[in-house]
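The values are calculated or read from the model by the stated rules, or taken from the named source; none is laboratory data. If you're wondering where the values come from, they're calculated on a predicted model, not measured in any experiment. Cβ atoms come from the backbone with ideal geometry, glycine included; neighbour counts cover every protein chain shown.
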Amino acid sequence: MLNFKGIKQNYHILLLLLILNILPQNFQALSGSCVIIKCRFEIEEKHDINLVPESAATGLWLKDGDKTNEHLVFHSTDHKSNHFNGKITGNLLEKNCTTVFYNVSSKHTGRYYFRIESGGLKYVYTVNTSTINEVLEGSSVSLRCSAETLCSSPPPTLTWSSTPRIPLSESSRLEELISDLNFTATHRQHRVTFTCTITYQLQDENKTAQDNITLHVQYSPKNTSVSVLPSSSVLEGRSVTLTCSSDANPAVLNYTWSREGEGQMEQLQTGHTLTFDRIDLKHRGWYHCTAQNQHGTQNSSVMLDIQCEYLLLYISAHDICFTKCIYIYIYIYIQWHAKVWEPLAESVKL
């Protein structure tokens, strides 16, 4: 199915396709000229036996409806039924239904359906989609911009935008000009819009038309990072929240937290955040977040430095702090000295 507009437009046809050659949804044509409809079809394998020379495959075009007896405007073999002057130039036995219509006018404007008849096979194609599948980072991508040449004018010129440093190749075939962009997809090209512009020379003036396609690239997690609130250096007893974030397409499926201790990794929990309501000295150490989607993983780490709750003495050594432990040390020191000096005092008194 396609929409065909043919009255007020002064330019021809723009097709922008990603890898697949499909039936476009819309045509714009110059009144009085010809229009070439690039068309292919697919059928179930069990019906392939009907596409043989002796089956006399026939192509039909229906306008503004899919009922043959009411909407037929073109028949590839029964020309008496034709309301439009045209010809199927594609090989129907090879599932190519490319068609040319001549002397386009306002009566051609409408919605079209293609029908294939061959042997026992009869099928009307009423659904068409130009949905572009996402591509995986690292895979090869081919973007093609093609322009049909007008029957009575010089060939158009094609230009691309949003394509820095991407080499392009151009070629021309009978009644068609093609410009290809071939590159390896990266995550930086996700949601980048590529625009192709066609310029026609018509009656001493230039007419342009353009179409675009937005590339969607799937990729593993990138730029994974861990943030800590209020800080990665915090007093014991306080609340601490670790938050993991990452850029991925599709989005990260899960975040996994682990802690490094005594040469081993201790698995903690899954989730976007890791929270300690009341942090303790035993929580000091390296914490790792792993972001994962179906295409891979990426890690990020942070060091939690827990400061003592009561700070009695500061010294320059970074990894030492004196706390309530000092009270215990002083108490033991005094008790030990008391036991040493008490007998000496008694001996002097005698």
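Points to keep in mind about this one:
- Among the residues of segment 76-89, those that are buried (at least 18 other Cβ atoms within 10 Å of the Cβ) and either in contact with a Gly (Cβ under 8 Å, 6 or more places away or on another chain) or among the acidic types (Asp, Glu) (or both) comprise 76, 88.
- Only a single criterion out of (1) at pLDDT 80 or above; (2) among the charged types (D, E, K, R); (3) out of contact with any Asp or Glu (no Cβ under 6 Å at 6 or more places or on another chain) is not satisfied by residue 259, namely (3).
- Taking every residue in segment 28-45 that is closer than 17 Å to residue 111 by Cα and aliphatic (A, V, I, L, M) and pairing it with any residue that is surrounded by fewer than 20 Cβ atoms within 10 Å (Cβ to Cβ) and modelled with pLDDT of 80 or more, at least 6 positions away or on another chain, the pairs with Cβ-Cβ distances below 6 Å are 36/100.
- Of all the listed residues (138, 119), the sole one being modelled with pLDDT under 80 and among the small types (Gly, Ala, Ser) is 119.
- Residue count for segment 97-106, restricted to those that are crowded, with 17+ Cβ neighbours inside 10 Å and either modelled with pLDDT under 85 or part of a strand (DSSP E or B) (or both): 4
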